[in-house]
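J.: My structure is below; once you've seen it, I'll send some questions.
Values quoted throughout were computed directly from the atomic coordinates according to the rules given, and no laboratory measurement underlies them. For clarity, every value in this text was computed on a predicted model and none was experimentally measured. Reconstructed Cβ throughout: ideal geometry from the backbone, glycine too, with neighbour counts over all protein chains shown.
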Amino acid sequence: MATEYTAKDIQVLEGLEPVRKRPGMYIGGVGTAGLHHLVWEIVDNSVDEAMNGHASEITVTLHKDGASITVQDNGRGIPIDKHPKHKKSALEIVYTTLHAGGKFEGGNYKTSGGLHGVGASVVNALSTKVVVKVKRGGAEYQIEFKRGVATAPLKKIGAARGSGTTVFFQPDPTIFPKTEFDPQTIRERLEVASFLHRSVKVRFIDEAHNTDETFKHDQGIVDFLKKMIGERGHKAIHEAPFTLIKENGAKVEMAFQWTESTDECIRSYVNGIPTRDGGTHEIGLRNAVGKAVRNYIDTHNLAPRGVTLTGDDIREGFTGILSVYIAEPQFQGQTKDRLNNPEVQSYVDAAVRPALESWLNSNRTVAEGIVARIVLAARAREASRAASAAVSRKTATSGRLTLPGKLSDCTSNQREKTELFI
Ligand code: 0RA
């Protein structure tokens, strides 16, 4: 009936209609990645609350249908007070208003204050059902939405101890061709979150497969690094990793160690999102490590004779985790897996370089071990190049000649058909 279509509904529809019309603009697409983006949006709000020091536990439940999720935290609870002008609860406004800059950016650094939950309205718009429960001030409140529209106003549902937010959502099958979540993808992301946010208890209950796991790491990314080195199977060449946490425009955190591996391995994250193709933050780290180590070598006259050290020599066996939080991340590439913000390179460089130099200078034994490892890498590289040059010289002399017409080269691998001239 037309009369039931009130002004309030129109406002809500105007608010979230663009999201339903062009979901790709907000979550990158409606494929598996887009579907899981809904989970990250809701989980990130709870993670923010934990990052701000207000929540210590986050529980994610994948329900039996495999296509609906509940995210619960023990934070302060989303504010439920009525907005004087809008006559709606703050919670309802957060869930039904498209925030400026809500376009797909792959994530937001929301810890700078203000009401977080930037992505909550997007998830709401793209879900057939959302139920939000908030515990605050001795009571529990609840509100429900259908495709982004509140089906009833916020109501008190009982008394409650403590505080926190619980969000249930069920993605809309008319938007997503496939609404089943991949438990492995969720598990991995939650485990990473538990490493990036030390001491936060992150629990994943998969009701579809009857699993229940809790991740909690009091040493944060240092525990992550230990796990990574253990899995890769190459021992570290020094006991304690280099670690750093710094806030200078970006929040930069890292832990790294040199190992016996001949590869370099860096895992990097921007606002908790893995950047598999690296980007400016990784470039900043590589440059800084190269320069700090070179400077240490020069200062202490440790440069080897007869071999020049390359950046690759310096980073051979280098294994580390780099996590940055920035306000407006720009991602690049097919899969948006590379950070493109140019300023981040110098943030990271400026954070690492002096700290690493001073770490090397105050851990001389460790530093000398690292330098020895680097020199060895350089000598091995030179030796292997010399060896392959020798091989190609040999190949050049015994290489097949291209002879015209019926003539064929007189090479053979039967000894009796060949001669050796000395
Ligand atoms: C802004 C203010 C306050 C809480 C939150 C945001 C909040 C949002 C989410 C989203 C998921 N979990 C959350 N937990 C908290 C509280 C302001 C106050 O209590 O004074």
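J.: Roughly how tilted is helix 342-362, in degrees to the nearest 10 and between 0 and 90, from the longest Cα axis of the chain?
T.: For helix 342-362, the angle is close to 60 degrees.
J.: Shifting gears a bit: I'd like the orientation of helix 280-299 relative to the chain: the angle between its Cα long axis and the longest Cα principal axis, in ° from 0 to 90, rounded to 10.
T.: With both axes taken from Cα atoms, the answer is about 40 degrees.
J.: Express in nm, to one decimal, how much length is gained between H54 and E247 on full extension, taking 0.36 nm for each residue of separation and deducting their alpha carbon distance.
T.: Separation in residues times 0.36 nm, less the Cα-Cα distance, equals 67.5 nm.
J.: Apply the Karplus parameterisation 6.51 cos²θ - 1.76 cosθ + 1.60, with θ equal to phi minus 60°, to every residue of segment 228-242 and state each ³J(HN,Hα) to the nearest whole Hz, in sequence, with x for glycine and proline.
T.: 4, 5, x, 5, 6, x, 10, 5, 6, 9, 9, 5, 8, x, 7
J.: Pop out the ³J(HN,Hα) list for segment 319-329 in order, Karplus 6.51 cos²θ - 1.76 cosθ + 1.60 with θ = phi - 60°, rounded to Hz; leave Gly and Pro as x.
T.: 10, x, 10, 10, 10, 10, 10, 9, 5, 10, x
J.: Collect residues whose amide H, placed 1.01 Å from N in the peptide plane, falls under 5 Å from the amide H of K201; neighbours closer than 5 in sequence don't count.
T.: Hits under the 5 Å cutoff: E57, I58.
J.: Quick one: length gained pulling R294 to H238 fully straight, 0.36 nm per residue minus the C-alpha distance?
T.: Between R294 and H238, full extension yields 18.3 nm more.
J.: Roughly what angle does helix 183-196 make with the longest principal axis of the chain, taking Cα atoms, 0 to 90 degrees, to the nearest 10?
T.: That works out to roughly 80 degrees.
J.: For a test of the definition: using alpha carbon positions, the gyration tensor, and the 1.5 limit on a/c, classify segment 133-291 as rounded, prolate or oblate.
T.: prolate
J.: The chain: longest stretch without exposed chymotrypsin sites (Phe, Trp or Tyr not before Pro) (DSSP loop, at most 12 other Cβ within 10 Å), sites themselves excluded? Write down the numbers at each step before the final one.
T.: Numbers: sites that count: Y5, F421.
The longest such stretch corresponds to 6-420.
J.: Cut-off 12 Å, label point 7 angstrom out along Cα-to-Cβ of E213: give me the residues of segment 52-83 whose amide nitrogen falls inside.
T.: none
J.: Based on the Cβ-Cβ distance of V149 and D277, what FRET efficiency does E = 1/(1 + (r/R0)^6) give at R0 = 51 Å, to the nearest 0.05?
T.: That gives a FRET efficiency of 0.85.
J.: Here's a follow-up. At 7 Å along Cα-to-Cβ for each site, give me the label-to-label distance between V307 and Q184 in nm.
T.: Label at V307, label at Q184, 4.1 nm between them.
J.: The chain: percent of C-alpha pairs farther apart than 30 Å? Display every interim value, and only then the final one.
T.: Working: 47416 of 88831 pairs.
The answer is 53 percent, as a whole percent.
J.: Please arrange M25, M254, M228 by how many other C-beta atoms lie within 10 Å of their C-beta, fewest to most.
T.: Details: M25 14, M254 27, M228 19.
Least crowded to most crowded, the residues run M25, M228, M254.
J.: Any of K64/K133; K64/K246; K21/K156; K133/K336; K201/K251 with alpha carbons more than 31 Å apart? Name them for me.
T.: Among K64/K133; K64/K246; K21/K156; K133/K336; K201/K251, the Cα-Cα distance tops 31 Å for K64/K246; K21/K156; K133/K336.
J.: Let me ask another. R0 = 41 Å: FRET efficiency of A383 with Q414, Cβ-based, nearest 0.05?
T.: 0.75
J.: Here's another thing I want to ask about it. Between segment 241-269 and segment 16-76, how far is it from one alpha carbon centroid to the other, in angstrom?
T.: Comparing the Cα centres of segment 241-269 and segment 16-76, I get a distance of 27 Å.
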